[in-house]
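Take a look at the structure set out below.
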Amino acid sequence: MQKRKHSWAAFVGGGNKKGEKMAGENARILPKATQEERKKQEAKRKGKLKTLAGKLLKTVVGGKEMVEKAGAEDVAGNLLKRPSSRKGVERGTPAEEIICRFIEQGKFLEACDQIHNLEHSGNDGLRKSESLYVLLAERMWTVVGEALSGSDRMLLEPLQSVGESLKWEKQKEAERLGNGLETDPVSTWSPNFWRKDLEEKLIQYMTAQIPPFASSSDTDETALNQHLSQLETKFLPSLEHSSDVFRDAGLLVTYARCCHASLCSHLATLTDSNCFSFSQSLLIYGWSIKMYKRGSQACVRPEHSLSLGAQCLVWILLKTEEKLLATARKEVGKALKGAFDLGKPPCADAAVIEILTEKTEAARRVSESLSEKVEAECLEECLRFLESYEDEVRSFLQLDGCPQICSSLRILENCCLLRTVWHKLTYICSVSTDQNVKVNGFLHRMEDDIMEHFLQTITSKLKGTLKDHFKKCDSGFDHILESLKQNFLTFGKKNTDTYEVLVKAVNAIIITEYMQALLTTPRKTSAMQRRRIVNKIEEDHRMMQTIFKECLGPAAGSLKDPIKAILELVQTSDPEGMKIALLPILKEFPDLRKEHLSAVLDIKDSLSREDRAALLKAFHDNCSDSETETNLLFADIEVKPRKYGLCGCLCC
């Protein structure tokens with residue numbers, strides 16, 4: 001106690017002669033520059049204490065009278081010169097002056113007891129006590145601020161008294177509750193707010209020590225790495241250094257909690273920024289794991305702070321992980337939407353797979369468990385994208401007018417691409433059965449819808465073009481064929497079953513619509529016009545063969561070709577040869593009816609009535625009554641039966 005008294009003699013401006021003598025001896029030992037600095041500091045402290053004492057004395061009745069007579073500064077000075085002997089104070093000093101003396105000396109616990117006694121003394125004690133509590137708190141926070149700004153060990157005793165005062169407040173609150181005084185206005189009692197005020201001041205100070213983060217761009221990883229390095233090498237060590245005096249004062253738990261709160265708040269502010277990318281959030285996550293593994297516990301290493309440090313880092317990891325997963329979903333969704341934009345050409349398989357796996361691989365370099373969560377989020381985002389893409393396709397199909405052929409093919413190609421990508425992902429990622437069923441369902445529905453719509457569009461275009469094809473020199477049929485050829489050749493997924501099925505379906509539609517137009521076109525009586533029709537058929541057939549061989553390759557050999565068979569039939573000169581040419585047609589197209597054959601024979605030049613009758617009889621003798629489900633080319637082609645004159649010239 002004697003040592004404590006001497007160490008605080010200079011701080012409070014009081015003390016006995018023995019203390020002053022010792023201070024003089026110590027001063028002679030110090031260098032001259034140090035002596036002058038010490039004198040300046042003591043003069044400054046005395047000035048502060050005089051001002052504080054003046055404030056305190058203004059709050060009490062006796063002090064007020066003294067201020068009015070002699071002036072606040074003089075009274076404060078006299079108060080500071082009074083002896084600190086407890087007996088001298090107790091004999092004739094009012095309670096308010098005793099409290100002032102304790103506050104000046106940094107004996108905050110003793111001041112708390114005295115203020116509490118004054119509070120329950122009746123008269124005007126309650127009002128006076130509230131003012132004194134406020135001034136006591138101001139002085140305590142001044143001591144805390146000085147402890148934070150330097151390492152002066154002379155502040156240890158008053159800082160310890162701050163911690164004891166907080167324990168005193170907690171004890172008094174417990175006593176109130178234990179005595180059944182819950183109805184008392186405890187929430188308005190000033191000491192109840194001390195702990196919160198202390199934490200706010202500590203957090204404000206610590207937050208101000210955090211190095212500023214200045215990024216030159218939204219995805220600047222270099223700047224973030226430098227900032228995290230500054231936190232690790234400057235911010236945390238400085239707080240750890242300052243923690244020593246708070247540990248000795250019994251305030252380490254509060255100090256550590258505030259340190260963690262300021263760090264958590266700062267990192268949360270960084271990760272909550274909308275401009276932060278996945279890779280930047282991953283840097284913070286990796287840094288937090290490094291801190292956790294290193295055992296530095298974010299800021300302080302003493303034994304009592306380990307659990308708090310772990311909790312702090314776990315909270316940061318969870319918060320950053322939440323941001324990481326949200327950012328992964330956002331970036332993957334945006335990348336998929338850009339990759340499958342209906343207005344852009346489809347991208348490569350590898351690019352889409354990279355979109356869905358690059359974040360998982362990056363996370364795996366930091367944490368295996370994190371990579372599993374990122375992978376799951378990326379796969380779920382893929383499902384969400386497919387659902388939205390299906391809605392987009394439906395909206396596209398409902399547009400007024402016929403969408404362009406190239407747009408429909410691009411959607412179909414995207415479906416092929418997605419199917420290929422998903423198939424590869426099932427080997428790379430942990431795809432669940434439910435996810436696989438959902439994806440295949442999305443793709444099947446989209447492929448069926450877009451293919452049906454595409455074939456309907458082709459059918460509509462062909463009907464309009466072929467309506468007058470055999471009446472005009474240029475109906476535009478060749479332009480449709482050329483357009484289909486170019487779109488098929490630019491289709492990026494030619495090695496898929498979807499492509500082959502699509503081209504063959506288009507071929508079947510072209511053949512059907514062509515035969516429909518040929519068999520229902522009114523015949524001309526002129527032999528020259530009949531020859532022109534045959535030449536046109538030959539030219540069209542050659543073009544169709546060239547296009548589908550180029551688009552399908554060897555697979556084009558399996559296509560049914562009734563036009564070729566009809567050309568062979570009408571270009572055969574003798575009747576017997578025509579009968580022979582008719583047989584394979586009947587075998588390959590069992591749905592051919594008599595009126596179909598009659599319409600074909602109408603374009604045959606110089607065919608006599610007898611030869612026609614012989615061919616029709618051969619048809620009747622060789623046609624089959626049963627029709628298979630395949631190759632029903634002529635089943636839907638309606639041709640009105642014709643009546644011919646006796647001359648057989650087709651003009652009657």
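Computed 3J(HN,Hα) for region 371-376, one whole-Hz value per residue from the Karplus formula 6.51 cos²θ - 1.76 cosθ + 1.60 where θ = phi - 60°, is 5, 5, 5, 5, 4, 4, glycine and proline marked x. Percent of Cα pairs in region 397-464 per distance bin of 10 Å, from zero to the largest separation: 19, 42, 24, 13, 3, 0. With all protein chains kept in place, the per residue accessible area of region 337-457 amounts to 48 square angstrom at a probe of 1.4 angstrom. If R0 is 41 Å, the Cβ-Cβ spacing of Asp341 and Glu538 corresponds to a FRET efficiency of close to 0.40. The alpha-carbon positions of region 533-610 define a convex hull whose volume is 100 Å³ per residue. The label point for Thr222 and the one for Arg384, both projected 7 Å from the Cα toward the Cβ, are 3.4 nm apart.
With R₀ set to 60 Å, the beta-carbon distance separating Val134 from Ala326 gives a calculated FRET efficiency near 0.85. Working ranking of peptides 467-476, 348-357, 312-321 by packing, defined as the average number of other Cβ atoms within 10 Å per residue, highest first, is 312-321, 348-357, 467-476. Listed cross-link partners Lys196/Lys234; Lys337/Lys373; Lys293/Lys424; Lys463/Lys504 are compared with a 30 Å cut-off, the Cα-Cα value being larger for Lys293/Lys424.
The values are calculated or read from the model by the stated rules, or taken from the named source; none is laboratory data. Remember, it's a predicted structure, so these values are computed and weren't measured experimentally. Ideal geometry is used to build each Cβ from the backbone, glycine not excepted, and the neighbour counts take in all protein chains shown. What goes into the accessible areas is simple: the full protein's heavy atoms, side chains included, and nothing from ligands, DNA or RNA. Shrake-Rupley method; radii C 1.70, N 1.55, O 1.52, S 1.80 Å.
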